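Visitor: Below is the structure I would like to discuss, written out as structure tokens.
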Amino acid sequence: GDIVLLAKPVTLTEGDRVTLTTDVPVATDGTSEPEKLLYAVSLPPVHGQIEHINYPGVPISSYSQLDVVAQKVSNVHDNSHGAGKESLR
């Protein structure tokens with residue numbers, strides 16, 4: 001089936017941490033088990049990293065929709081100066 005991903009921009013400033021919620025990325029593939037959807041971070045943030053809240057400081061390269069629903073994933077800015085707009089893929 002088709003996969004639909006809806007995403008909204010998130011603004012981070014130096015040192016900020018934003019917990020990903022279903023208001024930011026939410027996906028569906030038309031099945032009755034959306035919690036089994038997995039996100040793969042193919043292009044991490046230039047000025048920070050994606051982390052699981054249980055393992056702060058450790059970047060992750062994948063997470064599940066269930067992690068997003070449980071608010072267990074954060075985008076963390078690394079305090080670097082001059083950070084402009086960037087995308088997470």
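The values are calculated or read from the model by the stated rules, or taken from the named source; none is laboratory data. All of these numbers come straight from a predicted model, not from anything done at the bench. With ligands, DNA and RNA removed, areas are computed over all heavy atoms of the protein, side chains included. Shrake-Rupley method; radii C 1.70, N 1.55, O 1.52, S 1.80 Å.
Visitor: State the percentage of accessible surface on the range 36-76 attributable to carbon and sulfur atoms; use a 1.4 Å probe and exclude ligands, DNA and RNA. List each step's numbers first, then the result.
Guide: Numbers: 1370 of 2280 Å².
The nonpolar share, carbon plus sulfur, comes to 60 percent.
Visitor: With a 1.4 Å probe and all protein chains kept in place, how much accessible area does Ser42 have, in Å² rounded to the nearest 10?
Guide: For Ser42, the solvent-accessible surface is approximately 100 Å².
Visitor: Further question on the same structure: Leaving out ligands and nucleic acids, and using a 1.4 Å probe, what accessible area per residue does the range 36-76 come to in Å²? If you can, show how the numbers build up before the last one.
Guide: Working: 2280 Å² over 41 residues.
Averaged over the residues of the range 36-76, the accessible area is 56 Å².
Visitor: Skipping prolines and chain starts, which residues have an amide H placed within reach, meaning under 5 Å, of the one on Ser64, given they are 5 or more residues away or on another chain?
Guide: Under 5 Å from the amide H of Ser64 lie the amide H atoms of Tyr39, each far enough along the sequence or on another chain.
Visitor: Mind pulling up the Rg/Rh value for the range 36-76? Radius of gyration and Kirkwood radius, both on Cα.
Guide: Details: Rg = 9.7 Å, Rh = 10.3 Å.
Result: Rg/Rh = 0.94.
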